[in-house]
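Undergrad: My structure is below; once you've seen it, I'll send some questions.
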Amino acid sequence: MKSQDFVMAGADERFIFLEDTLIMAEGEQHSELTRLFAPLMSRQAVAYYELQLVEPAIQDSIAEMTSTRGEDGKVRADVVPLIHAALTRISARVTGVDGVDSKQATERFRDMVLAVSAATTASYSSATNPGAIIQKGKDALQALADEWMQASLDRRIALAKQHKAGEIEAADLPRDVLMSLCLAEDLSRPDDDKRVPYVWRHCAQFLTGSIKTTSHMLPHAFVHIDEWIKEHPEDRPNLTDPEWLHRAIAEAFRLHQTTPARFRKATRDVELSTGRKVASGEMVAIHAPVANVEAFGEDGRYFNIHREVPKGKKAWGMTFGIGKHSCIGQNLVTGIMNKGDAKHGTHGTAVRLLKAMYELGAELDPDNPPQRPHDNLHDTWESVPVILHKA
Ligand code: HEM
C-alpha cells in the first residue's frame, strides 16, 4: 500500500460510484483533493462534529431506546442501529447535505446511504446478481440528490458566488465537501450525463466512508470488551474510563477490517519482498493484513487490552490504511493521537459511543446473541442486542 509501483484498483462498482474521488485518485489529482478536503478534518472541525452532532445524536437515540421497557422491566437495545443513527447526521454534515434533521428524514437518509454503500461493495455480496444491488445504489444516490443534495449544492454555489464578490467571509461559509468543491469550481466532468455524476461520486465516497466503516468496526469492540469483562471482572469499573476504552477500541480495530480485501494494480513488473512476481497491469489484494497480527507478538491473534504497542506501529496496525491513501477520517473516529483532547473535550466518535452505552450499564443480551450478516462477506455484526441495566 506504500509502494509507488501500485495504484488503487478494485471491482467495477468502485469506478461506477467512486472514480476520481480521493480514494480512487492518484498522483497530482490525489494531492489536490487531499489539500482540498484536509481542513474538514482539522482538530477544530473534528471537535465541532463530535460535540455538536454526534453527542446530541447519541443522546436522542438513547432516549428513544430507553423509552420502552420489556415485561421484565429491562431496557433492550441494539448497538448496530444505535451506531447508524448517531453517524447519519455527522456524515450528512461532513458531506454538506442540509435538512437531515427530523427523525423521519434521518431514517430515510440512512437507508439510502446504506443502499449506496452496499452498491459500492456489491462484489462482496452473497447475492447471485450484484448488478441489481448496483442499480439499487444508483437509484438511492439519485433519490439523495433529488431530495437533499441538489438543493444543498445550489445553496453552496450561491454562497461561493457571494464569497467571490466579497459579500461573505470564508470563515462564515459551511465547512463541508460540497462547499469545498464549489470554492474550487470543481463540480463536473464532460461525461456526467452518461454516468453517476462527478459531484455525487464525491458525496457517495464521504457518506459511505463515514457511516459504514465505523458501524462495521464498533460492534466488534463491543463484543470483544464484553468477553474480556467476563474473563477480567476487575476491569468492569474501567468501562466508562475513556483512556481504557481508547486502548480496547484500538485493539478491536486491529483485529478486524472494514472490507474483506483492498485492491491495487501494478504499474510495472514488480518482484515483492516474498519473491512473488506481479506483472504490470496485474491486480493484487491484501486480505486481513498479517502485519496487524505478526508484528504484535506471539499472542497477536488475541484481544488484549494490556498489549504494549510495538515501537513504530499504530495501535490498530494497518486498519486505517497506510501510505498516501490512508484514512482522512481517522481522527474523527479515534480522537487525536488515540487519546482524549483536553483542550476541546473530545475523544473521537468511537469512545463517545461506547462510553454512552456503558454509562447505561450495557451488556450483551444472554438470550439474543450477536448475529453475523447473512447476505455479504463483510467481517462484521449485523445485530448486537444488549440490555441497558442502568437505564
Ligand atoms: C472505523 C472507521 C474507519 C476505518 C477503519 C477506515 C479505514 C480506512 C482505510 C483502510 C482507508 C484506506 C483504503 C485503501 O488504502 O484502500 C480509508 C480511506 C479513507 N477514509 Fe476511512 N475509515 C474509517 C472511517 C472514516 C470516516 C469517518 C471518514 C470520513 C469522515 C473516512 C473517509 C475516508 C476517505 C475519504 C478515505 C480515502 C483517503 C485517500 O484515499 O486519500 N473514513 N479509510
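Values in this text are rule-based calculations from the coordinates and carry no lab data. Given the structure is predicted, the values throughout are model-derived calculations rather than measurements. Neighbour counts run over all protein chains shown; Cβ positions are idealised from the backbone, glycine included.
Undergrad: Can you tell me the order of 138-151, 105-118, 188-201 when each peptide is scored by its average per-residue count of other Cβ atoms within 10 angstrom, highest first?
TA: With the highest mean Cβ count within 10 Å placed first, the list reads 105-118, 138-151, 188-201.
Undergrad: Here is a further query. Could you compute the net charge surrounding residue 46? Neighbours are other residues with a C-beta less than 14 Å from the C-beta of residue 46; K and R count +1, D and E count -1.
TA: +2
Undergrad: Now a separate question. Cross-link candidates for residue 277: which lysines have Cα within less than 16 Å, leaving aside residues fewer than 8 places away along the same chain?
TA: 265
Undergrad: Sort 296, 303, 15 so the one with the fewest other Cβ atoms within 10 Å of its own Cβ comes first.
TA: 15, 303, 296
Undergrad: What does the net charge come to around residue 131 if you take all other residues with beta carbon closer than 11 Å to its beta carbon, with K and R at +1 and D and E at -1?
TA: In short, 0.
Undergrad: Using Cα positions and a limit of under 21 Å, work out the lysines in reach of residue 194, with same-chain residues fewer than 8 apart set aside.
TA: Partners found: 136, 138.
Undergrad: So, by mean Cβ neighbours within 10 angstrom, what's the order for 274-282, 224-232 with the highest one leading?
TA: Ranking the peptides 274-282, 224-232 by packing returns 224-232, 274-282.
Undergrad: Averaging over all projection directions, find the projected area of the Cα convex hull of the chain and quote it in nm² with one decimal place.
TA: Projected over every direction and averaged, the Cα hull of the chain covers 21.4 nm².
Undergrad: Let me ask something else about it. Which of the aspartates and glutamates could a cross-linker span from residue 311 if the Cα-Cα distance has to be under 19 Å and same-chain partners fewer than 8 positions apart are dropped?
TA: Qualifying aspartates and glutamates at Cα under 19 Å: 251, 294, 298, 299.
Undergrad: Let me ask you something else. Can you tell me which of 59-71, 346-358 comes out highest on packing, and rank the rest after it, using the mean Cβ neighbours within 10 Å?
TA: 346-358, 59-71
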